[in-house]
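Below is one structure, written out as structure tokens; the observations come after it.
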Amino acid sequence: METSLQGRRALVTGAASGIGAAIAEAFAREGAHVAVHARSDERAGPTVAAIEAAGGRAFAAAADLRDRAAIGAMCAAAIERLGGLDILVNNAGTFIRKPVAEMDLADWDSMVETNLTAAFLATRASLPAIRASGGGASVIFVSSIAAGAYSAGWGTYAMTKNGLNAFMHCLADELGGSGVRVNAICPGWVETKMAQDAHRGLAADLGLDYKTHYAQNMRANMLGALVTTDSVADIAVFLASERGRHITAQELTVCGGCLPGASAQPEEAAEAP
């Protein structure tokens with residue numbers, strides 16, 4: 001299947017590790033020039049180095065996503081260095097699981113700022129370049145199946161992902177006339193450090209052995225599969241390529257066939273601010 005991104009210019013937020021890094025590396029393998037966002041140049045370094053070692057082109061684009069002014073400046077600098085922008089992936093996010101009674105305002109603000117506001121600001125700052133790229137441009141949001149998994153302790157996170165999906169649908173309608181496609185990828189549990197950390201907390205709350213709970217819950221899907229970051233990156237490449245030319249305003253779930261009753265999950269928030 002031809003999914004070439006040769007000559008395309010991409011910005012991927014939260015690309016220091018996890019899903020974001022996998023997407024950035026997959027884009028570069030397909031020929032894209034990639035701006036690798038992270039909190040600092042040092043954090044972006046391993047992803048940039050991996051891309052360059054494989055013969056691709058990439059550079060660091062640093063910004064703390066809790067600094068609203070820094071987001072616009074980062075996008076502007078990245079677009080200038082790329083010479084335009086064809087693909088924007090809003091992947092960065094953060095996850096805190098607490099019941100409402102224990103969720104303080106700082107926790108709420110952290111998730112809203114990173115999961116929603118930062119995605120909005122990066123998108124708004126990138127719109128002139130995305131529109132100027134002409135037909136075939138793509139905006140991708142990394143959301144989560146947790147948007148529809150209503151479980152105790154997940155309220156704020158689920159709310160931000162619901163909001164992200166709603167924003168995606170409205171943006172798709174707004175940009176459709178310009179030939180720009182807008183979609184969301186909604187992963188289930190993906191094997192990452194964040195998933196491991198989340199399962200430690202879940203296991204402790206339930207009084208279960210962490211290793212056993214992790215091994216069972218990570219494969220609690222119809223395929224019994226351990227979903228890895230490359231599975232999500234493959235979908236991102238498909239959506240950004242000519243193969244996805246008529247796909248827009250969609251939420252594409254990557255979870256191996258989620259089973260009812262399986263624990264809700266966060267997507268890999270590869271670069272929390």
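The values are calculated or read from the model by the stated rules, or taken from the named source; none is laboratory data. Only a predicted model underlies this, so the values are computations on that prediction, with no experimental measurement involved. Positions of Cβ are backbone-derived with ideal geometry, glycine not excepted, and every protein chain shown enters the neighbour counts. Calculation scope for accessible area: heavy atoms of the full protein, side chains included, ligands and nucleic acids excluded. Shrake-Rupley method; radii C 1.70, N 1.55, O 1.52, S 1.80 Å.
Pick from Gly224, Gly188: which is modelled with pLDDT of 85 or more and at positive phi?
Gly224
Which members of segment 88-117 meet the condition of being of a type in the set (Ser, Thr, Tyr) and either buried (at least 21 other Cβ atoms within 10 Å of the Cβ) or part of a loop (DSSP other than H, G, I, E, B) (or both)?
Selection gives Thr94, Thr114.
Going by the conditions given, is Phe120 open to solvent by 30 Å² or more (accessible area, probe 1.4 Å), touching a Phe, Trp or Tyr at 6+ places or on another chain (Cβ under 8 Å), on the phi < 0 side of the Ramachandran plot and touching a residue at least 60 places away in the same chain (Cβ under 8 Å)?
The answer is no for Phe120.
Can you pull out the residues in segment 93-117 that are of a type outside the set (A, V, I, L, M, F, W, C), over 16 Å from Gly20 (Cβ atoms) and touching a residue at least 40 places away in the same chain (Cβ under 8 Å)?
Residues satisfying the conditions are Arg97, Lys98, Pro99, Asp107, Ser110, Glu113, Thr117.
In segment 74-86, is there at least one residue being over 23 Å from Glu25 (Cα atoms) and in a helix (DSSP H, G or I)?
Checked segment 74-86: no residue is over 23 Å from Glu25 (Cα atoms) and in a helix (DSSP H, G or I).
Within segment 127-145, can one find any residue that is hydroxyl-bearing (Ser, Thr, Tyr), open to solvent by 20 Å² or more (accessible area, probe 1.4 Å) and out of contact with any strand residue (DSSP E or B) (no Cβ under 9 Å at 6 or more places or on another chain)?
Checked against the condition, which is being hydroxyl-bearing (Ser, Thr, Tyr), open to solvent by 20 Å² or more (accessible area, probe 1.4 Å) and out of contact with any strand residue (DSSP E or B) (no Cβ under 9 Å at 6 or more places or on another chain), segment 127-145 yields no hits at all.
Which numbered condition trips up Arg181, out of (1) crowded, with 22+ Cβ neighbours inside 10 Å; (2) touching a helix residue (DSSP H, G or I) at 6+ places or on another chain (Cβ under 6 Å); (3) modelled with pLDDT of 90 or more; (4) of a type in the set (D, E, K, R)?
(2)
Here are some conditions: (1) open to solvent by 20 Å² or more (accessible area, probe 1.4 Å); (2) within 25 Å of Pro128 (Cβ to Cβ). Leu5 meets all but one. Which one does it not meet?
So Leu5 meets the others, but not (1).
Identify all residues within segment 26-42 that are open to solvent by 10 Å² or more (accessible area, probe 1.4 Å), touching a strand residue (DSSP E or B) at 6+ places or on another chain (Cβ under 8 Å) and either in a helix (DSSP H, G or I) or touching a residue at least 24 places away in the same chain (Cβ under 8 Å) (or both); write none if there are none.
Result: Ala28, His33, Arg39, Asp41.
Report whether or not Ala70 is at pLDDT 95 or above and in a helix (DSSP H, G or I).
yes
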